[in-house]
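Notes follow the structure.
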Amino acid sequence: MITSQNNKKTHLYISEENDPFYNLAFEEHLAKNVFPKTKVPIIFLWRNQKTIVVGKNQVADLEINVEVAKKDGVKIVKRLSGGGTVFHDLGNFCFTFIVENKKQAGNYKVFLEPVIAFLKSYQIDAQLVGKNDLKIDDVKISGNAQYLSNDVLVHHGTLLFDTDLSLINKYLKINQLKTNTKIQRSQISKINNIKNFLNKEIPIEEFFKSFIIFFKNYSKIDFLELIDKKIILDLAKNKYQIESWTFS
């Protein structure tokens with residue numbers, strides 16, 4: 001998973017923004033500009049306001065009720081990894097692991113073992129099912145994807161904690177049929193929020209902080225990194241906010 005290299009501890013970045021364009025630009029900047037210089041493993045944690053994130057191999061118009069989503073002010077953006085279209089809101093949070101690719105690409109287990117261990121600290125028995133989903137009792141609570149940037153491996157995933165699941169059917173066109181097209185379509189899954197499996201009610205902010213503390217101990221993180229926002233804002237504006245990127 002995330003291990004120290006060159007006797008340096010893992011770097012932790014936490015986005016203070018809930019803007020998906022900014023956060024995807026932040027992630028790309030870390031993978032393409034920051035990590036190659038330091039070779040220090042990175043953990044990046046972030047949350048988005050109401051957002052639909054499309055996989056790089058998907059056609060947004062086939063996946064999303066675009067007019068409905070735009071009318072409701074939902075942001076739509078394409079990410080650099082493959083996989084299906086997903087809905088984010090502030091009841092969900094995202095984690096990214098950035099490491100040197102040492103034949104780890106496609107190995108989801110090595111990255112998700114600590115996430116499973118974190119959930120066990122809340123007496124939640126989550127399991128890796130299939131290639132990239134975390135499930136509780138055959139119900140999905142986390143989806144994950146990866147991409148490579150030269151020799152850098154980026155693994156990112158979500159944790160559904162208190163997401164408004166009713167909005168998924170409102171905004172997404174869920175494909176239940178397999179086709180022969182090369183276009184990757186999203187498949188329907190049974191999903192639920194982690195809060196529904198807890199023994200007691202806790203706010204997402206507390207859960208998120210617990211996740212941070214867990215990984216600070218697990219990966220021996222001893223400080224938080226700050227970043228130049230202008231670089232990220234420029235990338236967000238010139239790439240992720242442009243409709244031709246998302247709807248191409």
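Maximal additional length on extending the LYS9-ASN196 stretch stands at 63.8 nm, based on 0.36 nm per residue less the C-alpha distance. Put +1 on the Cβ of each Lys and Arg and -1 on the Cβ of each Asp and Glu in segment 120-169; which of THR163, ALA126, VAL152 then has its Cα farthest toward the positive end of the dipole? Working it through, the farthest residue towards the positive pole turns out to be VAL152. Taking label points 7 Å from Cα along the Cα-to-Cβ direction, VAL59 and ASP151 give a separation of 3.9 nm. Remark: the TYR122-LYS39 segment gains 26.6 nm on full extension, using 0.36 nm per residue and subtracting the alpha carbon distance.
Descending by average beta-carbon neighbour count within 10 Å, the peptides 79-86, 212-219 line up as 79-86, 212-219, the highest first.
For the chain, a crude dipole built from +1 on the beta carbon of Lys and Arg and -1 on the beta carbon of Asp and Glu, taken about the Cα centre, is about 640 debye to the nearest 20.
Ordering 116-126, 57-67 by mean Cβ neighbour count within 10 Å, with the highest value first, yields 57-67, 116-126. Extension gain for VAL129-VAL110 works out to 5.5 nm (0.36 nm per residue, less the C-alpha to C-alpha distance). Normalised by the residues of the chain, what does the relative contact order come to in percent, with Cα pairs under 8 Å and at least six apart? Computed over the chain, the figure is 26 percent.
Pairs over the 28 Å Cα-Cα cut-off, from the set LYS135/LYS230; LYS70/LYS209; LYS50/LYS135; LYS56/LYS120; LYS37/LYS195: LYS135/LYS230; LYS70/LYS209; LYS56/LYS120; LYS37/LYS195. Looking only at the chain, where both bridge partners belong to it, what percent of the DSSP beta bridges are antiparallel (to the nearest 5)? DSSP beta bridges in the chain are roughly 75 percent antiparallel.
Each value in this text was obtained by applying a stated rule to the coordinates, not by laboratory testing. It should be emphasised that the depicted structure is a prediction, and the values quoted were computed from it without experimental measurement. Heads up, the Cβs are rebuilt from the backbone with ideal geometry, glycines too, and the neighbour counts pull from every protein chain shown.
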